[in-house]
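Trainee: First the structure, which I've put down as structure tokens, then a few questions once you've had a look.
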Amino acid sequence: METITIPKEEYEELKKTNPSYTDTFELQTLGPPNEHEDVIAKVKRLSDGRVFEIGLSWLCCDDEKSDAYSLLDDYGVWHTNS
């Protein structure tokens, strides 16, 4: 697999309109699975309030003591291995 490097300036511009792995989100709702059989998560980016729909398996929780941490981790592992 080839690694693609995007210049920092271009990444910052893309990040304005797209979700990023560096963003913090608040989960809004869950929807039906997408074409990859991943549950759709409607999330709101905390930094600017923008709303995105992404696969639930792409989310993780920062607080290891939270119930959400183990639930999201378990779901991500299950989705990857199914």
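Trainee: From Glu9, Glu53, Glu13, Glu35, which residue is at pLDDT below 90 and not hydroxyl-bearing (Ser, Thr, Tyr)? Can you show your working first?
Mentor: Numbers: Glu9 fails: at pLDDT below 90; Glu53 fails: at pLDDT below 90; Glu13 fails: at pLDDT below 90.
Exactly one residue qualifies, and that residue is Glu35.
Trainee: Let me ask you something else. With the structure loaded, tell me whether Gly31 is on the phi > 0 side of the Ramachandran plot, outside any helix (DSSP H, G or I) and small (Gly, Ala, Ser) or whether it fails that test.
Mentor: Details: on the phi > 0 side of the Ramachandran plot: no; outside any helix (DSSP H, G or I): yes; small (Gly, Ala, Ser): yes.
No: the conditions fail for Gly31.
Trainee: Under 7 Å between Cβ atoms, at least 6 apart or on separate chains: pull out the pairs that start in the range 46-65 with a residue that is surrounded by 10 or more Cβ atoms within 10 Å (Cβ to Cβ) and end on any residue that is among the small types (Gly, Ala, Ser) and modelled with pLDDT under 95.
Mentor: Ser57/Gly76; Cys61/Ala68
Trainee: OK, next. Just give me the residues in the range 6-35 being surrounded by fewer than 12 Cβ atoms within 10 Å (Cβ to Cβ), touching a residue at least 24 places away in the same chain (Cβ under 8 Å) and of a type in the set (A, V, I, L, M), in sequence order.
Mentor: Leu30
Trainee: Which residues, counting only those in the range 34-73, are under 11 Å from the mean Cα position of the chain (by Cα) and assigned to a strand (DSSP E or B)? Steps first, please.
Mentor: If we filter the range 34-73 for residues that are under 11 Å from the mean Cα position of the chain (by Cα), which is where we start, we get 40-45, 52-61, 72.
Once the filter is applied, which keeps residues that are under 11 Å from the mean Cα position of the chain (by Cα) and assigned to a strand (DSSP E or B), the range 34-73 yields Ile40, Ala41, Lys42, Val43, Lys44, Arg45, Phe52, Glu53, Ile54, Gly55.
The values are calculated or read from the model by the stated rules, or taken from the named source; none is laboratory data. The structure presented is a predicted model; accordingly, all values stated were derived computationally and were not measured. Quick reminder, even Gly has a Cβ in these numbers, built from the backbone with ideal geometry, and neighbours come from all protein chains shown.
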